[in-house]
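In what follows, a structure is listed as structure tokens, so that the remarks can point back to it.
The values are calculated or read from the model by the stated rules, or taken from the named source; none is laboratory data. No experiment lies behind these values; they were computed from the predicted model shown. Here the Cβ positions follow ideal geometry from the backbone for every residue, glycine too, while neighbour counts run over all protein chains shown. The accessibility values were calculated without ligands, DNA or RNA, using every heavy atom of the protein model including side chains. Shrake-Rupley method; radii C 1.70, N 1.55, O 1.52, S 1.80 Å.
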Amino acid sequence: MKLDLFDFHLPEELIAQVPLENREASRLMVLDKETGDIQHDVFKHITEYLQPGDCLVLNDTKVLPARLHGSKEDTGANIEVLLLKQQQDDEWETLVKPAKRIKEGSTIVFGDGKLKAVCTGVLEHGGRMLRFQYDGIFYEVLEELGEMPLPPYIKEQLDDQDRYQTVYARERGSAAAPTAGLHFTKELLAKVKEMGVHIAFITLHVGLGTFRPVNVEDIDDHDMHSEFYQMTADTAHLLNEVKANGGRIITVGTTSTRTLETIASRHNGVFKEESGWTSIFIYPGYEFKGIDAMITNFHLPKSTLIMLISALAGRENVLHAYNIAVEEKYRFFSFGDAMFIK
């Protein structure tokens, strides 16, 4: 299947640079995956499209303030570090800019010495292994010194770093937010529960690979990035019960979708307690085994994310909806508006 089949014209000004003041005030496009019919609404009315017995599945990962600004200890040269993946204890796989300045044995100092990092290895893709040294608790030091690693297409600085976290974020480990969940407030989630809709949590730590462009003409040749996921026994039991009772499994975001489809694919449509790494790549032709509907944001052209929703709702339905979204000036991507595929 050719990459160009997932292209559409997206004016740059429609890529939202800052979040709305009120999370619930985002616009909501409702797309019927069977008919292609479209409705326009506001996200705070999402309850009107849910039914008692349904289950919303939320990704409770928490974004690390993973971008650090420091200096090389011996020369004072400015160095930027982006944490990618914790390997063991205080050793992390990172991206460093400018990488050429940091060789094995180099030391980087952050926050007047509150945090130091020694390079313990140079990786094939240009990354660096760094071992951190600090007093106290690493994540508390990181909260003080780090910045949110906003996506590369967002040029504005974020005044309130919590706006790049969901209100239910609790499991530290992501390099990016599961942005479909940014539209929910605690009050809106309480309304959802009050109407008899179940809420379940999974964890998938979003990697920077989610922003990596697809650089092959035939998407079958794309090498999908790998991310860590986890489902508890309680969540698995709830999801199986909802399915058995005829309720809909509604994922919030592509990350929740990838997690559920990974597990359901392994167990013939049944959910089980499980953790591991997934590199599942969902695109048209894929048969869904775990989910029925989905809340998501508007994605970039030629991305694996638009391929995933095209698998759920049909490529022609999705591209038609996206063209209307452009005409109606919906806001796209991380801080943008929402779509409910029912």
Failed item, numbered, when residue 80 is tested on (1) loosely packed, with under 13 Cβ neighbours inside 10 Å; (2) among the acidic types (Asp, Glu); (3) not assigned by the TED database to the domain that holds residue 320 = (1)
Go through 335, 340 for me and flag whichever is buried (at least 18 other Cβ atoms within 10 Å of the Cβ) and part of a loop (DSSP other than H, G, I, E, B).
-> 335
Among the residues of segment 220-252 satisfying the criterion of being surrounded by fewer than 19 Cβ atoms within 10 Å (Cβ to Cβ) and touching a helix residue (DSSP H, G or I) at 6+ places or on another chain (Cβ under 9 Å), which is modelled with the highest pLDDT?
-> 248
Exception for residue 201 within (1) in a loop (DSSP other than H, G, I, E, B); (2) touching a helix residue (DSSP H, G or I) at 6+ places or on another chain (Cβ under 7 Å); (3) open to solvent by 10 Å² or more (accessible area, probe 1.4 Å) falls at (1)
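Criterion first (out of contact with any strand residue (DSSP E or B) (no Cβ under 9 Å at 6 or more places or on another chain) and surrounded by fewer than 19 Cβ atoms within 10 Å (Cβ to Cβ)) does residue 143 satisfy it?
yes
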Among residues of segment 253-312 being aliphatic (A, V, I, L, M), within 24 Å of residue 331 (Cα to Cα) and open to solvent by 10 Å² or more (accessible area, probe 1.4 Å), the residue nearest to the chain's Cα centre (by Cα) is 305
Residue tally, condition open to solvent by 40 Å² or more (accessible area, probe 1.4 Å), more than 26 Å from the chain's Cα centre (by Cα) and free of Cβ contacts under 8 Å to residues at least 24 places away in the same chain, over segment 115-133 | 1
Among the residues of segment 161-179, which ones are within 17 Å of residue 338 (Cα to Cα) and either acidic (Asp, Glu) or open to solvent by less than 30 Å² (accessible area, probe 1.4 Å) (or both)?
-> 164, 165, 166, 177, 178, 179
Neighbours by Cβ (under 8 Å, 6+ apart or cross-chain): first from segment 232-255, in the same structural domain as residue 296 (by the TED database); second in a strand (DSSP E or B) and modelled with pLDDT under 95 | 255/227
Criterion (open to solvent by less than 40 Å² (accessible area, probe 1.4 Å), under 24 Å from residue 21 (Cβ atoms), in contact (Cβ under 8 Å) with a residue 40 or more places away in the chain and assigned to a helix (DSSP H, G or I)) met by exactly one of 158, 182 | 182
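Regarding segment 230-238, can at least one residue be identified that is assigned to a loop (DSSP other than H, G, I, E, B) and out of contact with any Gly (no Cβ under 8 Å at 6 or more places or on another chain)?
Taking segment 230-238 first, the residues assigned to a loop (DSSP other than H, G, I, E, B) are 232.
Then keep just the ones that are out of contact with any Gly (no Cβ under 8 Å at 6 or more places or on another chain); that gives 232.
So far as segment 230-238 goes, yes, one or more of its residues are assigned to a loop (DSSP other than H, G, I, E, B) and out of contact with any Gly (no Cβ under 8 Å at 6 or more places or on another chain).
If we keep just the residues of segment 95-112 that are part of a strand (DSSP E or B) and in contact with a Cys (Cβ under 9 Å, 6 or more places away or on another chain), which is most open to solvent (accessible area, probe 1.4 Å)?
Here is the first cut: in segment 95-112, the residues part of a strand (DSSP E or B) are 95-97, 107-110.
Subsequent filtering for residues that are in contact with a Cys (Cβ under 9 Å, 6 or more places away or on another chain) retains 96, 107-108.
Working: 96: 10, 107: 27, 108: 1 Å².
Taking the candidates together, the pick is 107.
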